[in-house]
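*Asks:* Take this structure, written in structure tokens, and hold onto it; I'll ask about it next.
The values are calculated or read from the model by the stated rules, or taken from the named source; none is laboratory data. What you see is a predicted model, and the numbers here were worked out from it, not measured in a lab. Cβ: placed from backbone, ideal geometry, glycine included. Neighbour counts: every protein chain shown.
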Ligand SMILES: Cc1cc2nc3c(=O)[nH]c(=O)nc-3n(C[C@H](O)[C@H](O)[C@H](O)COP(=O)(O)OP(=O)(O)OC[C@H]3O[C@@H](n4cnc5c(N)ncnc54)[C@H](O)[C@@H]3O)c2cc1C
Ligand code: SF4
Ligand code: SF4
Ligand code: SF4
């Protein structure tokens, strides 16, 4: 029996899932909850940054980015913060050429920008997303209210700011180094022709070796031969690629992307296409902001709309290290609530 999953992910992970949905047979993710994302951090550097402040990540109960600072909330109730400027030394370099703040290819995008504390901002983009919000609201899982004009202005300003700054960085990098492939958007027919013969060796030279990998795990998930794995934070292949297979190259969000998925007009539309923007919160759940992601996934699972959800929990051994999980019980979704500010090969759980 075919199983149907939801996923929650950063914009680059959502792009990977969108590519897989279009070009991979039997892709099981039918509901995409995308997060807002300005930047992400390297786990190793994040840990080092904490240590420089005398903090052991094992003593941190919550990580938050607020008011231009990265906050470590400690188990004893105290808080320590460092400026985002300083924290950005730990930022993954790819994030500075990323043109999507609000997960524009998701069914529902969720973040905190624009809404009051304890609430989430939600951007409903598809009919499927709209239906889920309506049902979850009627069932009492979430409550909603309009996002204020001011909230929308702040959201648009941040999204535009990311695009403007990062477009400059794309141009700068392209003038001194290699093209930023995913921004070389092309018509669908041209795209399919371009990528026909590309295989893992090309993925390695075009993405992995040039430091453009966002560690989404799509190359692992898409490989029909099961010969890709992620070792030491890098995708690797063990075996021979059969002729005609280009699945990993096509699934990767940092190779070429057809313009029906990412067009150059996305540089001037701050939030992408959407139906409605609201503030929402989930009184029954504790989450990073309004707990809306956890509430929507739990509702969808309990109601049989999905059979499971791809979520990011915390590694038991290494505190705050993101751990990708396929949650098939509501308690696994609840346990994964909260933001882990490091990259995570989420999609690879589809192979596990
Ligand atoms: C790297 C990163 C950067 C972000 N930057 C911003 C920002 O600049 N502005 C903003 O408004 N919001 C940002 N967010 C989103 C924000 O932190 C909250 O996740 C969002 O508001 C949802 O809150 P919630 O209470 O509804 O989620 P919760 O109910 O707490 O659920 C959070 C969900 O996020 C998932 N998750 C946690 N860590 C990761 C990860 N590393 N990768 C993929 N999924 C993950 C978990 O699986 C969980 O299901 C960012 C999130 C991430 C992961
Ligand atoms: S590339 Fe970086 S900024 Fe862009 S969505 Fe991925 S983690 Fe976020
Ligand atoms: S078999 Fe196909 S998907 Fe797997 S690594 Fe080779 S080219 Fe990529
Ligand atoms: S190389 Fe693999 S893990 Fe890295 S961005 Fe591409 S698909 Fe994702």
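*Asks:* Given the options 33, 49, name the one that is farther than 24 Å from residue 225 by Cα, touching a strand residue (DSSP E or B) at 6+ places or on another chain (Cβ under 7 Å) and at pLDDT 95 or above.
*Replies:* Answer to the selection: 33.
*Asks:* Could you count how many residues in region 221-248 are more than 14 Å from residue 202 (Cβ to Cβ) and either within 16 Å of ligand 1 (Cβ to nearest atom) or assigned to a strand (DSSP E or B) (or both)?
*Replies:* Total meeting the criteria: 7.
*Asks:* What are the residue pairs meeting all of these: first residue in region 213-224, first residue on the phi > 0 side of the Ramachandran plot, second residue within 15 Å of ligand 1 (Cβ to nearest atom) and in a loop (DSSP other than H, G, I, E, B), Cβ atoms under 6 Å, and 6 or more apart or on different chains?
*Replies:* Within 6 Å, the pairs are 215/343; 215/345; 217/345.
*Asks:* Could you tell me how many of the residues in region 114-139 are loosely packed, with under 12 Cβ neighbours inside 10 Å and farther than 20 Å from residue 338 by Cβ? If you could, list the steps in order and put the result at the bottom.
*Replies:* Taking region 114-139 as the starting set, the residues that turn out to be loosely packed, with under 12 Cβ neighbours inside 10 Å are 117, 127, 138.
Checking the rest, the ones that are also farther than 20 Å from residue 338 by Cβ come to 127, 138.
So the answer is 2.
*Asks:* Also, I was wondering about something else. If I ask for residues that are in contact with a strand residue (DSSP E or B) (Cβ under 9 Å, 6 or more places away or on another chain) and within 16 Å of ligand 4 (Cβ to nearest atom), which ones from region 71-94 would you list?
*Replies:* Result: 92, single match.
*Asks:* I'd like to know if region 287-297 contains one or more residues that are under 21 Å from the mean Cα position of the chain (by Cα), surrounded by fewer than 23 Cβ atoms within 10 Å (Cβ to Cβ), over 19 Å from residue 26 (Cα atoms) and within 16 Å of ligand 2 (Cβ to nearest atom). Break it down stepwise before answering.
*Replies:* First pass over region 287-297, keeping only residues under 21 Å from the mean Cα position of the chain (by Cα): 287-297.
Narrowing the set further to residues that are surrounded by fewer than 23 Cβ atoms within 10 Å (Cβ to Cβ) leaves 287-288.
Still in the list and also over 19 Å from residue 26 (Cα atoms): 287-288.
Still in the list and also within 16 Å of ligand 2 (Cβ to nearest atom): 288.
Checking region 287-297: at least one residue is under 21 Å from the mean Cα position of the chain (by Cα), surrounded by fewer than 23 Cβ atoms within 10 Å (Cβ to Cβ), over 19 Å from residue 26 (Cα atoms) and within 16 Å of ligand 2 (Cβ to nearest atom).
*Asks:* Another one. List every residue pair whose Cβ atoms lie under 8 Å apart, where the two residues are 6 or more positions apart in sequence or sit on different chains, the first residue falls within region 193-211 and is touching a residue at least 12 places away in the same chain (Cβ under 8 Å), and the second residue, located anywhere, is assigned to a helix (DSSP H, G or I) and exposed (fewer than 14 other Cβ atoms within 10 Å of the Cβ).
*Replies:* Close Cβ pairs satisfying both conditions: 211/93.
For every residue, the table says whether it meets (1) at pLDDT below 95; (2) surrounded by 15 or more Cβ atoms within 10 Å (Cβ to Cβ); (3) touching a strand residue (DSSP E or B) at 6+ places or on another chain (Cβ under 7 Å); (4) under 15 Å from residue 254 (Cβ atoms).
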{"residue": "141", "(1), (2), (3), (4)": "no, yes, no, no"}
{"residue": "166", "(1), (2), (3), (4)": "no, yes, no, yes"}
{"residue": "177", "(1), (2), (3), (4)": "yes, no, no, yes"}
{"residue": "220", "(1), (2), (3), (4)": "no, yes, yes, yes"}
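*Asks:* Right, another one. Which residue, of 230, 170, is farther than 19 Å from residue 25 by Cβ and within 16 Å of ligand 4 (Cβ to nearest atom)?
*Replies:* When all the criteria are applied, what remains is 230.
*Asks:* Tell me whether region 149-164 contains one or more residues that are in contact with a helix residue (DSSP H, G or I) (Cβ under 9 Å, 6 or more places away or on another chain) and crowded, with 21+ Cβ neighbours inside 10 Å.
*Replies:* no
*Asks:* Name the residues in region 186-220 that are closer than 24 Å to residue 11 by Cβ, away from ligand 2 (no atom under 16 Å from the Cβ) and assigned to a loop (DSSP other than H, G, I, E, B), would you?
*Replies:* 187, 198, 209
*Asks:* Looking at region 233-255, can you tell me whether even one residue there is in contact with a helix residue (DSSP H, G or I) (Cβ under 9 Å, 6 or more places away or on another chain) and modelled with pLDDT under 95?
*Replies:* Checking region 233-255: at least one residue is in contact with a helix residue (DSSP H, G or I) (Cβ under 9 Å, 6 or more places away or on another chain) and modelled with pLDDT under 95.
*Asks:* While we're on this one: Residue 101 is checked against (1) more than 15 Å from ligand 2 (Cβ to nearest atom); (2) touching a helix residue (DSSP H, G or I) at 6+ places or on another chain (Cβ under 6 Å); (3) closer than 30 Å to residue 260 by Cβ and fails just one. What number does that condition carry?
*Replies:* Residue 101 satisfies every listed condition except (1).
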